[in-house]
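FYI, it's all coordinate maths here, none of it is from the lab. Everything quoted here is computed from the prediction, not taken from an experiment. Positions of Cβ are backbone-derived with ideal geometry, glycine not excepted, and every protein chain shown enters the neighbour counts.
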Amino acid sequence: MRYAQIRKYDVANGPGIRTSIFVTGCTHRCPNCFNAEYQDFNFGDIWTEKQTEEIIEYLNDDVVTGLTLLGGEPFQNSLELTKVLNEVKKHTDKSIWAYSGYTFEQIMKDEEKKELLKLCDVLVDGLYIDRLKDLRLKFRGSSNQRIIDVKKSIDEGSVVLIEI
């Protein structure tokens, strides 16, 4: 897995001050993607144990409220991110948000992606659709995207939205 950046303190991608991982690689190719250069699976640096340790250190900072996964497409890096999150969860219980062009329903049909999803608390799902762009929305770019409570949705067998 490759990543483009790690933000120790990020206030744009979820509530509070969060640590964010921007993985690279995405085949969705949403028109006017805000991270178009991160679509390339060969862009960025190779993820190592050093980056996992760095993330854990950042998450242990009292001002950091959680971790956010973005890209690129996190769910096209599911196997590697599942390993990272399993390690992270051994050292912290802070919330984990993930952004994906896949919908909750699509992820639930793919066992590899579902394993990653089960480690997350919140999913912001759906492709970015430029004609539905709305700058007034919190934590999403277009009005088709949903902010989903992952645990409740899995338990109830249907999408449970979070109102923000």
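Taking amide H positions as modeled 1.01 Å from N, with prolines and chain starts lacking one, no residue 5 or more places away or on another chain lies under 5 Å from ASP110.
Averaging 1/r across all pairs of distinct Cα atoms in the range 120-164 and inverting the result yields a Kirkwood radius of 11.0 Å. Near ALA36, within a Cβ-to-Cβ distance under 13 Å, what is the net charge of the other residues, with Lys and Arg +1 and Asp and Glu -1? Around ALA36, the surrounding residues sum to -3. Which shape class applies to the range 2-156: rounded if a/c is under 1.5, otherwise prolate when a/b exceeds b/c and oblate if not, where a ≥ b ≥ c are the square roots of the Cα gyration tensor eigenvalues? Rounded is the answer for the range 2-156, as its axis ratio a/c remains below 1.5.
With 0.36 nm allotted per residue and the present C-alpha distance subtracted, the THR27-LYS133 stretch has 36.1 nm of extension available. Think of each Lys and Arg Cβ as +1 and each Asp and Glu Cβ as -1; about the Cα centre, that makes the dipole of the range 80-164 roughly 280 debye. In a reduced charge model with +1 at each Lys and Arg Cβ and -1 at each Asp and Glu Cβ, the range 2-156 shows a dipole moment near 480 debye about its Cα centre. Summing charges over neighbours of ASN144, with a neighbour being any other residue whose Cβ is under 13 Å away from its Cβ, gives +1 when K and R count +1 and D and E count -1. Among SER78, SER153, SER100, determine the one that fluctuates most according to a GNM of the chain built with springs between C-alpha atoms less than 10 Å apart. Of SER78, SER153, SER100, the Gaussian network model singles out SER153 as fluctuating most.
Approximating the spin labels as points 7 Å out from Cα along Cα→Cβ, the LYS151-to-ASP61 distance works out to 2.5 nm. For the pair ASP110 and ASP45 in one chain, pulling the backbone fully straight at 0.36 nm per residue adds 20.7 nm over the alpha carbon distance. Using 1/(1 + (r/R0)^6) with R0 = 25 angstrom and r between the beta carbons of ILE6 and ASN144, what's the FRET efficiency to the nearest 0.05? So, using R0 = 25 Å, E works out to roughly 0.30. Treating r as the C-beta distance of GLU37 and GLU163 and R0 as 25 Å, the FRET efficiency rounds to 0.15. Computed over neighbours whose Cβ is under 12 Å from that of THR52, the net charge equals -2, Lys and Arg +1, Asp and Glu -1.
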